[in-house]
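Scroll down for the structure; my scribbles are underneath it.
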Amino acid sequence: MTLSGEMPSVSEGNYEFYRRIQIPIFQHYAKLTGMDTGKDIDIIYPMIEKSTLVVELGAGYGRSVQFLLQKGFCGRLVLVERVPEMIEYLKQAFPPLEILQTDIRYLQLPFQADVLLWLWSGILELSRQEQTQTVQQLYKNLKKGGLLFIEAPYQRIQVVGSHTSEKLIKLETEWGTLTAYLPSPEEVESDARLAGFSSFKKILYRSQTDLERVIYLLTK
């Protein structure tokens, strides 16, 4: 099932990068960073397994959804993705699931979710200003007491790309250029407070390839 959603105009280069990247290459990056084993889902799952409605933001090729289903999650799952090619892949890979084609910066769900999952460095896709604004927008889409999980590298980005500054990274490939901004834990906490979240927690862990990463847990 596909939920209706208007696709806002997106002009940044990252959008075109994801339109061109092939799924096997995407999966290769997951393996390179140790995200292919679902360790983040292992950490999160005890906190969400009884949730009625979980929404994944930036579902990509369905990495997180696959692990949730393998664990037997039986609540309602909705996938949010903006890239048409990824959506077509998701439709074929997970035909029973609901898919909303939209940009999470402007997310307006037709319901309020128990849990929002923004995993595997999704927040890095946005500029610093957009990160702040998007956390505020996501707050509106959660039920009272709802949970927002944000997963990212901790303190620094490793493995892929080259640093153009302390916070910025650029990955140049044959299918396009990917740029990213890594917010500090203090910046994410500031965004959480500004949006109105009642609590903020850091969960530090290491990926399967021993990269230092963090899951931020924001509670409405």
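The values are calculated or read from the model by the stated rules, or taken from the named source; none is laboratory data. Keep in mind it's a predicted model, so treat the numbers as computed, not measured. Using ideal geometry, Cβ is built from the backbone for each residue, glycine included, and neighbour counts are taken over all protein chains shown.
Anything in the range 192-203 that is surrounded by 19 or more Cβ atoms within 10 Å (Cβ to Cβ) and in a helix (DSSP H, G or I)? List them, or say none.
Those that are surrounded by 19 or more Cβ atoms within 10 Å (Cβ to Cβ) and in a helix (DSSP H, G or I): A192, A195.
What number of residues within the range 14-59 are under 22 Å from K91 (Cβ atoms) and without any contact (Cβ under 8 Å) to a residue 24 or more places away in the chain?
So the count comes out to 1.
Within the range 198-209, can you find the residues that are modelled with pLDDT of 95 or more and over 18 Å from the mean Cα position of the chain (by Cα)?
S198, S199
Quickly run through the range 43-72 and pick out the residues that are buried (at least 16 other Cβ atoms within 10 Å of the Cβ) and farther than 17 Å from L148 by Cβ.
G60, Y61, G62, R63, V65, F67
Hey, does the range 81-90 have a residue that's within 23 Å of G34 (Cβ to Cβ) and surrounded by fewer than 19 Cβ atoms within 10 Å (Cβ to Cβ)?
yes
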